[in-house]
Amino acid sequence: MPQFTYQAFNAARDIVTGQIEAADRQTAISTLGAQSLKPIEIKEKGGTINLSFFNGHVNGTALVLFTRQLSTMVAAGVPLLRALTGLAKNADNKALSAILQKVSSDIQGGMTFADALGKHPKTFNSVYTNMVRAGETGGILDDILDRLATQQEKAASMKKKIRGAMAYPMVLLVIVFLAFFGLMIFIIPQIGKIIKSLAGPQGKLPLLTEVMLGISDFVITYWYAIFGILGLAIFGFMRFIKTKRGRMLFHSTLLKIPVVKDVITKTAVARFSRTFSALLGAGVSIVEALDVTGKAIGNVVYEEAFNHAIEEVKVGKQLSGVLEQYPIFPPIVPQMLSVGEETGKIDTVLIKVADFYEEEVDVVINSLSAIIEPVMIVVMGAMVGLIVAAVMGPITSLATQVH
């Protein structure tokens, strides 16, 4: 009979290790569950089965659909384990199906639903697991899952719009970049040969033409060095912004750029309002909700603000008063929070704030797209204009000399 070594939580939530004989993995999990042990990792001699590791990708659409279906089934009285097993079998997304099978096995082994989901943080983030944990504790899992699905739909919709808005300028930048190097490598040298042949060996070219030809010669001669330096610069930048200091500097800089600042601020406020409202509505404590929300926004400047707010709230201060100190929050946010604190309906008030700022994000993104297009056209037009001027200058000079 195969032997397994395991790590597991005991009833006191301490990690224990040991060995067990079982016919297969499922039997081993069931046996450990009967001993009030919640397995973290099981290793079979000759192979390793890590219950907390999975590399598959689950897209947002599949996750929202799963959450909606699970909410409906739980509300209809279907036992959680049966619902998860059925959804795992019928899931179109193979990665999600595999994860749900592991979650079902963990629950069979005595683990809570939230803890089982928490072992797959790439699919079920801290917002998801905290809301599920609150739903399990309060006995309102179906309602919480419905809130989660709505929150995810809104978040996915906003992310899609932002990505769509960013794709257009990135494509234009790539086109401008390729057009510049194409002109410098292929077009300008040919034009330069023609102009020099017309001017003769003693002919003097205008300064602009000389500069353009000089740039072209430099690009042709050192193109490998240019691309190498660009590659190293991009690599170094990506590594730098992954550090704590780099992220803070990068995010702080973005919040100082006029148009970009509006997009980031309104997106962050919309995410904060939607996520914080969902967590509070699920019964999560305000301190834990602030901690989870700060990490979910994706901006270090806002995360630091929420970390400070947590300390202030712990000593009895009102959240509205604390956020009022930070200019990164528009005045409407602390004002609406104050109303929610007075009426005891913070989650309801913040839903209104989230709806408002999600619409504002749409407006800003549309405005950004409208601004970027003419700017790029002007840049490309300027490039063409410089080339025309560089070509026409010596031709005009030669025509004058002939007369």
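Values quoted throughout were computed directly from the atomic coordinates according to the rules given, and no laboratory measurement underlies them. Treat the numbers as computed from the prediction; the structure is a model and nothing was measured. Cβ placement follows ideal geometry from the backbone for every residue including glycine, while neighbour counts extend to all protein chains displayed.
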- Item | Farthest toward positive dipole pole in the chain [+1 Lys/Arg, -1 Asp/Glu at C-beta], among Phe276, Ala76, Gly228 | Gly228
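Under the rule a/c < 1.5 gives rounded, and otherwise a/b versus b/c splits prolate from oblate, where does the chain land using the Cα gyration tensor? Could you put the intermediate results ahead of the total?
Numbers: a/c = 3.05, a/b = 1.91, b/c = 1.60.
It comes out prolate by the Cα gyration axes.
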- Query: What order, most packed first, do the peptides 215-225, 81-91, 266-276 have when packing is the mean number of other Cβ atoms within 10 Å of each residue?
  - Reply: 266-276, 81-91, 215-225
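How much mean residue ellipticity at 222 nm does the chain get from its helices, if each DSSP H run of length 4 or more adds -39500 (n - 2.57) and you divide by all residues, to the nearest 500 deg cm²/dmol?
So the calculated ellipticity at 222 nm is -25000 deg cm²/dmol.
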- Task: State to the nearest 20 debye the size of the charge dipole of region 218-355 about its Cα centre, where the only charges are +1 on K and R beta carbons and -1 on D and E beta carbons.
- Result: 580 debye
- Query: When His120, His308 are ordered from fewest to most other Cβ atoms inside 10 Å of their Cβ, what list results?
  - Reply: His308, His120
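Any idea what the relative contact order of the chain is, in percent, if you count C-alpha pairs under 8 Å spaced at least 6 apart?
14 percent
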- Note on the structure: If Thr27, Thr293, Thr253 are placed from fewest to most neighbouring beta carbons inside 10 Å, the sequence is Thr253, Thr27, Thr293
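Counting only C-alpha contacts under 8 Å and six or more residues apart, can you give the relative contact order of region 237-374 as a whole percent?
This gives 28 percent for region 237-374.
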- Query: Which order do Tyr326, Tyr6 fall in if you start with the one that has the fewest other Cβ atoms within 10 Å?
  - Reply: Tyr326, Tyr6
- Message: Can you compute the equivalent ellipsoid semi-axes for region 220-309, i.e. the square root of 5 times each eigenvalue of the Cα gyration tensor, sorted largest first and rounded to whole Å?
- Response: 37, 14, 11
- Mind running the shape call on region 299-385? Use the C-alpha gyration tensor, a ≥ b ≥ c as the square roots of the eigenvalues: rounded below 1.5 for a/c, prolate if a/b tops b/c, oblate otherwise. prolate
- Message: Take the residue pairs Lys161/Lys266; Lys94/Lys122; Lys154/Lys352; Lys244/Lys317; Lys266/Lys352; Lys122/Lys295 and return only those whose Cα atoms are more than 18 Å apart.
- Response: Lys244/Lys317
- Item | Gln19 paired with Ala34, simple spin-label distance in nm, labels 7 Å along Cα-to-beta-carbon | 2.1 nm
- Taking only C-alpha positions in region 126-214, Rg and Dmax in angstrom work out to 29.9, 91
- Sticking with the crude label model, points 7 Å out along Cα→Cβ, report the distance from Gln108 to Val363 in nm, one decimal please. 5.4 nm
